[in-house]
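Asks: I'd like to ask you about the structure that follows.
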């Protein structure tokens, strides 16, 4: 089947929420807070990309991810480049990206140990509609009061540098080794390539497009998978209805008939740009 509606997997997190967002069902009263919703294809545990929604009530840990080369050196399948589209944000919501000034590895490790790493980070105010591309090696932390979509390489290799006293394991040696503790450089996206099509990311690991509504046909090269994420609105792909809060994989040639006002994300491997 060219299009497949993916199953959702809810992940409980200490920093998650009991009130989610939009189409997502709240966890039961007295249940653990839900921090993430993942989308998974039956029988496919190692796709190139992973799509998530995140719901935060507290700051996430200060962390960093390895790149492919660093991951391979540790026997891991891949590194982790990622990007975030902010869907909803509390008035005082922030995200930390990079450090205010360059920090050497000795100072970074000491700051992680004594907690002063929070003051070294560049905490940026964020609002709904903001978009950030976060390459591997970037020291970062997602703040409280946020709902966002995350598109990432399919890797859960996270090196926590600091976790605000939560009783979770830190990975200082690995994290400091792969960290680029320097000011964050915003990604310059290629931008709009058609009236209803914008390239948000054209990175080495994945490409992310933003598509408008209406009808279109996409033709994917053989053995290529793309992920379609409806941000708002809905429609039908190859007779499969879809709506916001869901995710589909596409293969081969697919016909998309979306609402005129739909807002869609399309992610696929980074070695080609699609047409359609």
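No lab work stands behind these numbers, since they all come straight from the coordinates. These figures come from a predicted structure and were not determined experimentally. FYI the Cβ positions are ideal-geometry reconstructions off the backbone, even for glycines, and counts take in every protein chain you see.
Asks: Please work out the C-alpha center-to-center distance from the range 98-154 to the range 1-73 and express it in whole Å.
Replies: So the separation of the two Cα centres works out to 19 Å.
Asks: Moving to a separate point now. Considering only 70, 152, 119, give the residue with the highest GNM mean-square fluctuation for the chain, with springs between Cα atoms whenever their separation is below 10 Å.
Replies: It is 119.
Asks: Which of the peptides 189-197, 6-14 is most tightly packed, and how do the rest follow, going by the mean number of other Cβ atoms within 10 Å of each residue?
Replies: 6-14, 189-197
Asks: Averaged across orientations, what area in nm² does the convex hull of the alpha carbons in the chain project?
Replies: Mean projected area for the chain: 14.8 nm², to one decimal.
Asks: Continuing with the same structure: Build a GNM of the chain with springs between Cα atoms under 10 Å: which of 249, 94, 217 gets the top mean-square fluctuation?
Replies: Comparing 249, 94, 217 in a Gaussian network model of the chain, the most mobile one is 217.
Asks: Another question, if that's okay. Among 171, 159, rank each residue by its count of other Cβ atoms within 10 Å, from fewest to most, as a rough exposure measure.
Replies: The most exposed by this proxy come first: 171, 159.
Asks: Taking other Cβ within 10 Å of each residue's Cβ, how do 199, 149, 207 sort, fewest first?
Replies: Result, fewest neighbours first: 199, 149, 207.
Asks: While we're on this one: Taking the number of other C-beta atoms within 10 Å as the exposure measure, put 65, 72, 140 in order starting with the fewest.
Replies: 72, 140, 65
Asks: Now for a different question. With a 10 Å cut-off between alpha carbons and a GNM built on the chain, which of 184, 164, 133 moves the most?
Replies: Looking only at 184, 164, 133, the largest GNM fluctuation is found for 164.
Asks: State, in angstrom, two size descriptors of the range 161-276 derived from its alpha carbons: Rg to one decimal place and Dmax to the nearest whole number.
Replies: Rg then Dmax for the range 161-276, in Å: 18.2, 50.
Asks: Tell me the Rg and the Dmax, in Å, that the Cα atoms of the range 218-272 produce.
Replies: 11.0, 31
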